[in-house]
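The values are calculated or read from the model by the stated rules, or taken from the named source; none is laboratory data. These numbers come from a predicted model, not from an experiment. Counting neighbours? That spans all protein chains shown, and the Cβs are built from the backbone with ideal geometry, glycine included.
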Amino acid sequence: MKKDVLLYTGGEDFAEIINGGGYFVDKTAYLKELLITDAIKNSLFIRPRRFGKTLNLDMIRQFCRLNYQNPGDKSYQQKLFVDNGRNLAVAGDDYKEFREKIMGEFPVISISFRAVEGNFFYQAVSQLIYKVGLLYDEFV
């Protein structure tokens, strides 16, 4: 019997979609172009709402993120991007050198402004300060 494929709508957690067996349009091939090309100094992701911008940014974060407790341990990324049975582009042999050079090698700071809101400026700033505090806890 064929297993149902889950269609996540509004999902922004790359690991949840990959590990949960959800439908995912593989854009991992862009990682190499985005992260290795010397010609690109800044990247601007412009797409309409609900086109996966946050999901793709989370994919980049998950791929590059250093394991702070055990630097050099890339087992999380290996499982998520290569050994997942999803045949992602970045799992191919032609990406092996790229994975060894980039995967799990960088400290990454990622913050989403999705839930930062308020009727007054100070309310939004207060929520933003709280989110930055949560980020701080990740690195300590």
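Filter the stretch 102-127 down to the residues that are exposed (fewer than 12 other Cβ atoms within 10 Å of the Cβ) and without any contact (Cβ under 8 Å) to a residue 24 or more places away in the chain and list them by number.
Listed by number, the residues that qualify are PHE113, ALA115, GLU117, ASN119, PHE120, PHE121, TYR122.
Pull up the stretch 105-135, narrow it to residues that are touching a Ser or Thr at 6+ places or on another chain (Cβ under 9 Å) and not aliphatic (A, V, I, L, M), then point me to the one that is farthest from ILE60 (Cα to Cα).
Step one: list which residues in the stretch 105-135 are touching a Ser or Thr at 6+ places or on another chain (Cβ under 9 Å), which gives 112, 114, 118, 131, 135.
Filter once more, keeping what is not aliphatic (A, V, I, L, M): 112, 114, 118, 131.
On the way: SER112: 14, ARG114: 18, GLY118: 29, LYS131: 20 Å.
Residue satisfying both the conditions and the ranking: GLY118.
Among the listed residues PHE113, PHE45, PHE121, which satisfies the condition of being in contact with a Lys or Arg (Cβ under 6 Å, 6 or more places away or on another chain) and among the aromatic types (Phe, Trp, Tyr)? Break it down into steps so the answer makes sense when it comes.
Numbers: PHE113 fails: in contact with a Lys or Arg (Cβ under 6 Å, 6 or more places away or on another chain); PHE121 fails: in contact with a Lys or Arg (Cβ under 6 Å, 6 or more places away or on another chain).
One residue alone meets the criteria, PHE45.
Mind listing whichever residues of the stretch 117-133 are in a helix (DSSP H, G or I) and either modelled with pLDDT under 90 or of a type in the set (S, T, N, Q) (or both)? Please lay out each step first, then the result.
So the first thing to find is which residues in the stretch 117-133 are in a helix (DSSP H, G or I), and the list is 121-133.
Hits for the stretch 117-133 are GLN123, SER126, GLN127.
Determine if the stretch 111-124 includes at least one residue that is touching a Cys at 6+ places or on another chain (Cβ under 8 Å), aliphatic (A, V, I, L, M) and over 20 Å from GLU12 (Cα atoms).
Start the filter on the stretch 111-124 by keeping residues that are touching a Cys at 6+ places or on another chain (Cβ under 8 Å), which leaves none.
Looking through the stretch 111-124, none of the residues is touching a Cys at 6+ places or on another chain (Cβ under 8 Å), aliphatic (A, V, I, L, M) and over 20 Å from GLU12 (Cα atoms).
List pairs: first in the stretch 16-36 and farther than 15 Å from GLN77 by Cα and without any contact (Cβ under 8 Å) to a residue 60 or more places away in the chain, second among the basic types (Lys, Arg) and surrounded by 13 or more Cβ atoms within 10 Å (Cβ to Cβ), Cβ under 9 Å, 6+ apart or cross-chain?
GLY21/ARG86
Of the conditions (1) at pLDDT 90 or above; (2) touching a Ser or Thr at 6+ places or on another chain (Cβ under 8 Å), GLN62 fails just one. Which one is it?
Looking at each condition in turn, GLN62 falls short on (2).
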